[in-house]
Amino acid sequence: MAKIHMILQGKGGVGKSFIAAIMAQHKLAKGKKILCVDTDPVNATFHGFKKLNVKRINVMAGDEIDPRRFDELIELIAKSDSDIIIDNGASTFVPMSHYLISNQIPALLPDMGHELVVHTVITGSQALIDTLTGFANLIESFPTETKFVVWLNPYWGDIEMDGKRFEDMKTYQDNKARVSAIIRIPPYKADTFGKDLSEILQSKLTFNEALDNKALPIMVRQRLNIIKKQLFTSIENVAAVLT
């Protein structure tokens, strides 16, 4: 059985492509075969990671999103014998979600021998309310058997509201039975770890590419190696859900 990992969140710029790339690199490090797919018609950041061989699906017909173009994605899933990681952009969040629900894809995938895992992102500051709302809407829309993984990304600020962390917020408490795992991305200082991570993401480099690049300063590679180990360990801690 293959696992279909789909990253969904209506708010842009919260780290969906970063999460897709991290999961892909972790699976490859474990010697697994994977298929990576990018359905973002605007940015296609995931597709930019050449080492991950990401397939891009064009969902546009002229200037409009054509929901039937998502049929190509289902054909890919049906033929795959490996896990699939799908990055979906903010601009296609609503049509993709509607397509999945109206076509009863969560029920279809088990018939194909696959399991759907929906990943969503919560981030802080001004994006907190939007990402919490996106999370709650996804939970409400998808059938109860769908597995959800929540990634807490503090890039835009601390994930807190009225002194409460995410696990204590009403949105989570009301829906925690639907959440299979929570993964915390560590806060990285902007002038060191954060800067190094941002630069390799902008260059669309995997960790291994950066670590093998002797032109990079020793301490940059050291910090990137620390980040890689931290993120991979976080995934290992919920391996039952992700692998």
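At-a-glance table
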| read-out | value |
| --- | --- |
| Karplus (6.51, -1.76, 1.60) ³J(HN,Hα), θ = phi - 60°, over the stretch 35-43, in Hz, Gly and Pro reported as x | 10, 9, 9, 10, 10, 6, x, 9, 9 |
| Flagged links, alpha-carbon separation over 23 Å, of 33/176; 55/204; 79/204; 11/51; 50/147 | 33/176; 79/204; 11/51; 50/147 |
| Test item: Cα-centred dipole of the stretch 2-187, Lys/Arg +1 and Asp/Glu -1 on Cβ, debye | 720 debye |
| Taking N as its residue count, the alpha carbon Rg of the stretch 48-155 over 2.2 N^0.38 Å | 1.14 |
| Convex hull of Cα atoms in the stretch 2-187, direction-averaged projection (nm²) | 10.4 nm² |
| Under-5 Å amide H pairs with residue 36, H placed in peptide plane, nonlocal only | 55, 85 |
| Label zone at residue 168 (point 7 Å along Cα-to-Cβ), backbone N below 11 Å, the stretch 145-160 | 160 |
| Stretch gain in nm, segment residue 130-residue 63, where the contour uses 0.36 nm per residue and the Cα spacing is subtracted | 21.5 nm |
| Sum of -39500 (n - 2.57) over DSSP H runs of 4+, divided by residues of the chain (222 nm, nearest 500) | -12000 deg cm²/dmol |
| Neighbour-count ranking [beta-carbon atoms within 10 angstrom, fewest first] of 146, 92 | 146, 92 |
| Of all DSSP beta bridges in the stretch 29-173, antiparallel share, percent nearest 5 | 20 percent |
| Sparse-neighbour loop sites [chymotrypsin sites (Phe, Trp or Tyr not before Pro); the stretch 24-85; at most 13 other C-beta within 10 Å; DSSP] | none |
| Neighbour count of at most 16 Cβ within 10 Å plus DSSP loop: longest trypsin sites (Lys or Arg not before Pro)-free window in the chain | 34-188 |
| Rough spin-label spacing in nm, given labels placed 7 Å along Cα→Cβ, for residue 56 and residue 79 | 2.0 nm |
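Readers should treat all values here as calculations from the given coordinates under stated rules, not as data from a laboratory. In this text, all values refer to a predicted model and were calculated from it rather than measured experimentally. Reconstructed Cβ throughout: ideal geometry from the backbone, glycine too, with neighbour counts over all protein chains shown.
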